[in-house]
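Below is one structure, written out as structure tokens; comments come after it.
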Amino acid sequence: MFRQILESQTLLINTQSKKLASQNKKVIKFGFGQSPFLPPEPVMQALKDAVDRKEYSSVQGDAELRAHISKFHAAHNGLKASPDNILVAPGSKILLYAVLMAFEKADVFIPAPAWVSYEPQAELAGHNSIKVPTSFDEKWRINGELLLKAAQSKKHKASILILNYPGNPDGLTYTEEELKAIAAVARQLDILVISDEIYGLLDHSSSHASFATYYPEKTITTTGLSKWCGAGGWRLGVAMLYDNIEPEFKQALIGIASETYSCAPVPVQMAAKVAYGRFKASMDYVDRQIRIYKEVGNYCYNGLTAVDIALHPPEGGFYLFPDFSRHKERLHKAGIATSTELCSRLLLETGVALLPGTAFGFEQDQLVARLAYVDFNVPAADSIFNLERDAVNTVTGIQLIGSWLSGLG
């Protein structure tokens, strides 16, 4: 009678962690990917100043804000979209869903691992989900050959690929050559690509290249304030449409928006105008985040690889995707055969919260998990970040994982 849609596991782990914390139990919060940074002071002040802005905006979003977004991304990495081809919404999640809902029937290619909401959204929209499996050796990245192979399972005329990089859950990105190869196959198969680049500004080398650069004719880029601006709960998402988008497709997107969310909160849009309108100041703020994320991420990488956990160095965002399979025999002897059991036991016995690989499209017996290295304190703007002082929970958490593994015998 009812749809079988489970609660998002990222939100569920946050709830479980809060429950343990309410019982006065120490929890290392590696499970929920929420930025520890506050938005810049001028952006927060703009939100306060706009508290009386209670009117509805246009469905597409404030015109001046869209102009700022267009200029900001053109300056950041050459991503070009006219203000009239930009949609602003309460979060990028609803924009992803609106794009999927605009199609009656489609095949949706979803790399595995992938963010937890892609597949449920595709199912809610009534589409055929096709996983594109990856592996540790491939750095959890898809390529043209894997996409061609997955296309053999197509059932419908319309095809959509959801590409996410820097990636959640893996914290990795794509090279220019890899993007060009995927673009070539997408062009060959006439695939619409939703390029989820919500972590793009947090590329650790500050060299993020948008997929639309290589496949401009049919790429929709999604982004927003939640990650680079530390404003996840404000819910401000952006979709940048391709230049020659079909009028009926664009109208479908606007129509879905008008019948669902109406518009993004106007006070938040006013704050977003400051975030996107002050390019130099915003990029200085982003650069500071990247320096800190790199230091914390590399500490976690070094600590985990030191205890023989398979892992790739972080390249963007604030995630790692540790693979515990080298400890499979030891884990099995301890009664741990699945990623869910792994994360449950780790949380219960050490207070370290990770998210199991099943949340990201993997089978239960694949002993992988996501680690969000965001459990640290951000020092004042005039202070230098100190790992031992400001990231005590992170340091403790990595040490606890290592000692827990060693203690399994």
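Residue check: is Gln60 buried (at least 16 other Cβ atoms within 10 Å of the Cβ) and in a helix (DSSP H, G or I)?
On the way: buried (at least 16 other Cβ atoms within 10 Å of the Cβ): yes; in a helix (DSSP H, G or I): no.
Considered against the rule, which asks whether it is buried (at least 16 other Cβ atoms within 10 Å of the Cβ) and in a helix (DSSP H, G or I), Gln60 comes out as no.
Give Ala74, Ala21, Ala50 a once-over and let me know the one that is surrounded by fewer than 21 Cβ atoms within 10 Å (Cβ to Cβ), among the small types (Gly, Ala, Ser) and touching a Lys or Arg at 6+ places or on another chain (Cβ under 6 Å).
Result: Ala74 is the single residue among Ala74, Ala21, Ala50 that is surrounded by fewer than 21 Cβ atoms within 10 Å (Cβ to Cβ), among the small types (Gly, Ala, Ser) and touching a Lys or Arg at 6+ places or on another chain (Cβ under 6 Å).
Suppose the filter is in the same structural domain as Phe211 (by TED's automatic domain parsing), within 30 Å of His156 (Cα to Cα) and assigned to a loop (DSSP other than H, G, I, E, B); does Glu104 pass it?
Taking the combined requirement at face value, the residue satisfies it.
Would you mind stating whether Ala310 is touching a residue at least 12 places away in the same chain (Cβ under 8 Å) and surrounded by fewer than 17 Cβ atoms within 10 Å (Cβ to Cβ)?
Spelling it out, it is not the case that Ala310 is touching a residue at least 12 places away in the same chain (Cβ under 8 Å) and surrounded by fewer than 17 Cβ atoms within 10 Å (Cβ to Cβ).
I need a count of the residues in region 158-187 that are free of Cβ contacts under 8 Å to residues at least 40 places away in the same chain and either of a type outside the set (Ser, Thr, Tyr) or touching a His at 6+ places or on another chain (Cβ under 7 Å) (or both).
Matching residues across region 158-187 total 9.
Please work out if Gly255 is farther than 30 Å from Leu405 by Cα, surrounded by fewer than 22 Cβ atoms within 10 Å (Cβ to Cβ) and in contact with a His (Cβ under 7 Å, 6 or more places away or on another chain).
On the way: farther than 30 Å from Leu405 by Cα: yes; surrounded by fewer than 22 Cβ atoms within 10 Å (Cβ to Cβ): yes; in contact with a His (Cβ under 7 Å, 6 or more places away or on another chain): no.
Criteria not met by Gly255.
Scan region 66-96 residue by residue and report those that are in a helix (DSSP H, G or I) and within 14 Å of Phe279 (Cβ to Cβ).
Ala67, His68, Ile69, Ser70, Lys71, Phe72, His73, Ala74, Ala75, His76, Asn77
Within region 17-46, track down each residue that is at pLDDT 85 or above, among the aliphatic types (A, V, I, L, M) and within 17 Å of Thr350 (Cβ to Cβ).
Result: Val27, Ile28.
Pick out the one residue from Ala380, Ala391, Ala306, Ala337 that is out of contact with any helix residue (DSSP H, G or I) (no Cβ under 9 Å at 6 or more places or on another chain), farther than 19 Å from Ala114 by Cα and not basic (Lys, Arg).
Ala380
The values are calculated or read from the model by the stated rules, or taken from the named source; none is laboratory data. Every value quoted in this text rests on a predicted model; they were computed, and no experiment measured them. Cβ coordinates were reconstructed from backbone atoms using ideal geometry, including for glycine residues, and neighbour counts include every protein chain displayed.
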